[in-house]
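Here is the structure we will look at.
The values are calculated or read from the model by the stated rules, or taken from the named source; none is laboratory data. Everything numeric here is computed off the predicted structure, so don't read it as measured data. Neighbour counts run over all protein chains shown; Cβ positions are idealised from the backbone, glycine included.
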Amino acid sequence: MKKNKKIIIYIIMAALLIAVGVLGYFLYKKNNEVKLASQNLYNSNFYELVNYVQNVETYLAKSTISTSNTHGAETLTYLWREANLAQTYLASLPVESQELENTEKFLNQVSDYSYSLSRKNIKGEGLSEEDLNNLEELHTYSTELKNVLNQLAADLENGSITWDDLTTNGKEEFAQAVSSNLDVFSSLEENFHEYSGLIYDGAYSEHLTSSTPKGLTGDDISEEEAQNKAKQFFGEENVIEIKNLGLSENSSLQAYNFSVKTNNEDNISIAISKKGGHIVYTNANRDIGEQTLSYEEANQKAMDFLNSEGFANMKETYYLNENGIVTINYAYLQDNVMMYPDLIKVKVALDNGEILGIETSGYLNNHTERNIATNLISIEEAKKNLNPDLNIQSENLAMIPTEYQTEILCYEFKGKVEDTEFLVYINAETGEEEDILIIYNTPNGTLTM
């Protein structure tokens with residue numbers, strides 16, 4: 001009897017141990033899932049912070065050379081918004097330290113100060129020399145903050161530091177990483193105590209859609225006709241298989257989409273417009289061999305291709321070189337005026353010069369022959385509205401798109417202020433400053449923001 005009782009006790013104890021083990025494993029697994037979800041959220045919020053701080057730095061740079069009250073107010077309003085969003089994402093990170101107060105204070109003061117100056121511009125008051133000096137100082141700090149955050153992003157990405165380290169052992173580490181080069185933040189409150197309330201796509205690629213495409217010519221074609229157009233583009237003798245992926249209708253450019261397999265590539269995407277049968281885009285990806293072509297040679301290959309496809313008078317603007325492929329942006333040139341809305345992108349393989357892709361939506365949406373105004377102010381008059389510190393490197397006429405789907409004829413001035421390159425656009429009819437872009441020359445190409 002006693003023996004049976006002991007057996008029952010052992011069984012109960014074993015069952016309890018198993019239950020505890022199962023529960024422990026379940027809790028451990030659940031904890032890991034929660035931890036992973038938290039780390040993913042922290043990563044997402046951190047990269048949002050990095051993005052908004054980059055935008056803060058960009059708008060601060062633009063604000064330092066703007067000479068127009070209207071455009072200056074717009075730039076400063078964007079700056080106010082981006083600084084506010086940066087503060088929000090900084091506050092969402094799992095770090096509590098008084099050391100971060102300097103960073104929070106900086107973003108808060110950028111937000112408040114930019115709001116105050118934007119109101120000043122809206123009232124028609126120009127920024128004083130002291131205002132511009134303060135903006136330049138803020139820009140210097142923002143560059144430091146951007147660089148430190150980029151380094152921290154690299155450390156997180158390569159695993160040399162983790163959110164575990166930062167949230168358990170090293171709350172001070174994060175604060176020190178962000179603030180170590182920014183001790184100057186502590187003086188900002190003193191400097192601003194009087195203010196109480198406050199690409200790669202190249203230039204203008206984000207404004208290249210139109211409710212009524214101007215560049216589409218011809219009658220509507222059928223799916224079969226579009227398929228034949230796709231075959232002709234690649235050469236019928238080269239096409240092994242072609243699959244219809246349907247008609248994209250929820251777009252200003254309705255297009256038939258196909259997947260194509262040729263003798264050289266698999267899974268090439270191509271879209272043919274329903275109206276007129278124009279190529280909207282094509283894209284192929286393959287392993288790229290050793291580079292044998294220079295940028296100049298690739299550019300010539302792309303220009304020859306554009307001419308053969310009927311796209312004449314195109315001028316290269318910006319480019320990106322990545323993984324052995326150069327993507328070049330081309331804008332239409334009419335009477336020596338750069339038509340930025342009429343944009344085409346071409347991908348060229350640098351191992352053999354093969355055209356791997358083309359994207360024509362900007363051109364098809366906007367291309368038309370313009371009646372270019374002749375009652376223009378002189379280029380010398382336009383220069384009077386530039387920041388006097390801008391060291392001009394080139395100048396020409398350009399048509400730029402606006403976010404309101406209109407176009408403005410401008411004098412485009414490329415120049416430098418200290419080590420930063422800018423593109424400044426002065427309205428060629430009124431002399432008003434219309435836009436400012438910053439040029440970033442990277443090892444992989446030229447970008448604008």
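Laid out as a table, the results:
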| item | result |
| --- | --- |
| Looking only at region 95-152, and only at residues there that are of a type in the set (Gly, Ala, Ser) and more than 19 Å from ARG81 (Cβ to Cβ), the one that is modelled with the lowest pLDDT | SER97 |
| From GLN393, GLN334, residue being out of contact with any Pro (no Cβ under 7 Å at 6 or more places or on another chain) and surrounded by fewer than 15 Cβ atoms within 10 Å (Cβ to Cβ) | GLN393 |
| Any hit, region 226-233, residues being of a type in the set (Gly, Ala, Ser), in the same structural domain as GLU359 (by TED's automatic domain parsing) and modelled with pLDDT under 90 | no |
| Leading residue by the ranking (surrounded by the fewest Cβ atoms within 10 Å (Cβ to Cβ)) among those in region 219-244 that are within 33 Å of the chain's Cα centre (by Cα) and in a strand (DSSP E or B) | LYS243 |
| Out of ASP335, ASP351, ASP342, sole residue that is in the same structural domain as ALA255 (by TED's automatic domain parsing), of a type outside the set (A, V, I, L, M, F, W, C) and farther than 30 Å from ASN285 by Cβ | ASP335 |
| Residue in region 394-413 that is charged (D, E, K, R), more than 21 Å from LYS315 (Cα to Cα) and assigned to a strand (DSSP E or B) present | no |
| Residues satisfying the stated conditions in region 235-282, i.e. among the polar types (S, T, N, Q) and touching a Pro at 6+ places or on another chain (Cβ under 9 Å) | SER252, SER273 |
| Test result for LEU60, among the hydrophobic types (A, V, I, L, M, F, W, C), under 16 Å from LEU152 (Cα atoms) and outside the structural domain of ASN387 (by TED's automatic domain parsing) | no |
| Where a residue in region 430-449 is farther than 21 Å from VAL326 by Cβ and its partner, wherever it lies, is at pLDDT 80 or above and among the aromatic types (Phe, Trp, Tyr), with Cβ under 7 Å and at least six apart | GLU434/TYR425; ASP435/TYR425; ILE436/PHE422; LEU437/PHE422; ILE438/PHE422 |
| Residues of region 419-449 that turn out to be assigned to a loop (DSSP other than H, G, I, E, B) and not hydrophobic (A, V, I, L, M, F, W, C), as a count | 7 |
| First in region 386-399 and not assigned by TED's automatic domain parsing to the domain that holds PRO341, second anywhere and basic (Lys, Arg) and part of a loop (DSSP other than H, G, I, E, B), Cβ under 8 Å, 6 or more apart | MET399/ARG370 |
| Complete set of residues in region 353-389 that are among the acidic types (Asp, Glu) and under 31 Å from the mean Cα position of the chain (by Cα) | GLU354, GLU359, GLU369, ASP389 |
| Check on ASP164, in the same structural domain as TYR52 (by TED's automatic domain parsing) and either within 27 Å of ASN45 (Cα to Cα) or at pLDDT 85 or above (or both) | yes |
| Residue that is basic (Lys, Arg) and either touching a Phe, Trp or Tyr at 6+ places or on another chain (Cβ under 8 Å) or at pLDDT 70 or above (or both), where the choices are LYS62, LYS2 | LYS62 |
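Residues are listed down the side, and each one gets a yes or a no for (1) charged (D, E, K, R); (2) within 22 Å of VAL239 (Cβ to Cβ):
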| position | (1), (2) |
| --- | --- |
| PHE258 | no, yes |
| ASN263 | no, yes |
| ASP287 | yes, yes |
| THR292 | no, no |
| GLU296 | yes, no |
| MET314 | no, no |
| ASN323 | no, no |
